[in-house]
Amino acid sequence: MSTLTIGEAAALLHTAPSTIRSWEQRLGYPTPVRSTSGRRLYDECEIAILSDALRRGLSISSAIRQVREETGSHEALLRQALSELDFATCDALLEAAIAMRGVSRAFDETVLTAVEGVVLGDDDAGIAALAVEWAKERACWGCRHVIAPLRGTILVVDGSSEGSVTRAASCILALQLTLRSMRTLMLAGPARSRYGGLARRLDTDAIVFVGEPAPSAGRANALVPSRIAGFRTAGERLHPGMETLPVQPRLAAHQLVGPPARDIVNTHA
């Protein structure tokens, strides 16, 4: 899947760019991301679904409500299937979400939301841990099936707990970065303390700290020219040179390197 400029989205929806901006302001939809130059970029799959609903004669508010219901239903069903450890159904729901939304949004808005719901709402820690593990495996599977020329290298230093939602989000962040043609390497466990030497050896473009205390200013300065960013670091003190990323993996990856170069639709995960 790819992104559309506001002009391209307007052409697909048979309306004017000013109308799309009005929908965004009044109804909160469709929601764009911003390019590095500040241009609005819309998810092509999302615009196509909205266009189909409008062609069927629905008002814009009804069309938006239907699209949200359709996309939201995958998350609710996936949460239920994860709670029941029905992984075959989980895989089928993931495929349906990818077909509708593309990999980027399916993992951010369906998989991660469902896993968070299970972790926060299920009293059985074992079920929650298996839900996280399923999400991690599927995100890693997606990484292996992305083929694109590499633009650079990002090192993710992950200090989050193995069975936590943050660990699942970290794996989804790696997938989002891979979709953006970045070689993404992860350090977890005791090995993550070696990030400084490895970052220099790998000539990294950025280092992202996940669930990890920020390095001291002196140590951070030694990592230049790498960009240094913190992901899901709410409540942690960051030195002035560290960039704070949004908690959503897709938005975090977008802030780091921009929109995806390409997406994959069918994963057969």
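Distance from the Cα centroid of segment 21-66 to that of segment 93-160 is 24 Å (rounded to whole angstrom). Available extension along the chain between GLU69 and THR15 is 17.1 nm, counting 0.36 nm per residue and deducting the alpha carbon span. Projecting the Cα atoms of ALA99, THR89, GLY126 onto the charge dipole of segment 71-141, computed from C-beta unit charges around the Cα centre, puts ALA99 farthest toward the positive end. Distance between the 7 Å Cα→Cβ label points at ASP203 and THR5: 3.3 nm. By the helix-only formula, in which each DSSP H run with n ≥ 4 contributes -39500 (n - 2.57) and the sum is divided by residues, the chain has a 222 nm mean residue ellipticity of -16500 deg cm²/dmol. Write down the percent of antiparallel bridges among all DSSP beta bridges whose residues are both part of the chain, to the nearest 5. Counting only bridges with both partners in the chain, antiparallel ones make up about 20 percent.
For segment 146-173, the residues whose amide N sits under 11 Å from a probe point set 7 Å from the Cα of CYS140 along the beta carbon direction are 171.
How big is the dipole moment of the chain about its Cα centre under a simple scheme where the beta carbon of each Lys and Arg is +1, that of each Asp and Glu is -1, and everything else is neutral? Debye, nearest 20, please.
On the way: 29 positive and 29 negative charges, 252 e Å.
Here the size comes out at about 1220 debye.
Which order do peptides 171-179, 250-258, 51-59 fall in by mean Cβ count within 10 Å, highest first? Provide the component values of the computation, followed by the final result.
Numbers: 171-179: 27.2, 250-258: 21.7, 51-59: 13.4.
In descending order of packing, they fall as 171-179, 250-258, 51-59.
Farthest toward the positive end of the dipole of segment 136-202, out of ILE154, ALA139, ALA168, is the Cα of ILE154, where the dipole comes from beta carbon charges about the Cα centre. With respect to the chain, whose longest principal axis is taken over its alpha-carbon atoms, helix 112-121 is tilted by about 70°. Residues whose amide H comes within less than 5 Å of that of GLY258, counting only those at least five positions distant or on another chain, are absent (H built at 1.01 Å from N in the peptide plane).
What FRET efficiency, computed as 1/(1 + (r/R0)^6) with R0 = 30 Å and r the Cβ-Cβ distance, is obtained for ASP86 and THR31, rounded to the nearest 0.05? Before the final figure, lay out the partial values.
Working: r = 31 Å, r/R0 = 1.03.
According to the calculation, E is roughly 0.45.
Once semi-axes √(5λ) of the Cα gyration tensor in Å is worked out from the coordinates, which option in [x] 32, 24, 16; [y] 26, 26, 16; [z] 42, 20, 16 does it equal? After the calculation, the listed value that fits is [x].
Taking amide H positions as modeled 1.01 Å from N, with prolines and chain starts lacking one, the residues under 5 Å from THR184 and 5 or more places away or on another chain are ILE154.
Exposure proxy shown here: for ILE154, ILE64, ILE228, the number of other Cβ atoms within 10 Å sets the order, fewest to most, as ILE64, ILE228, ILE154. Annotation: the residues MET100, MET182, sorted from fewest to most other C-beta atoms within 10 Å of their own C-beta, follow the order MET100, MET182.
None of the figures in this text is laboratory data; all of them are computed from the coordinates on show. Since we're looking at a predicted model, the values are computed, not measured. A quick note on method: Cβ atoms are made from the backbone with ideal geometry, for glycine too, and the neighbour counts reach across all protein chains shown.
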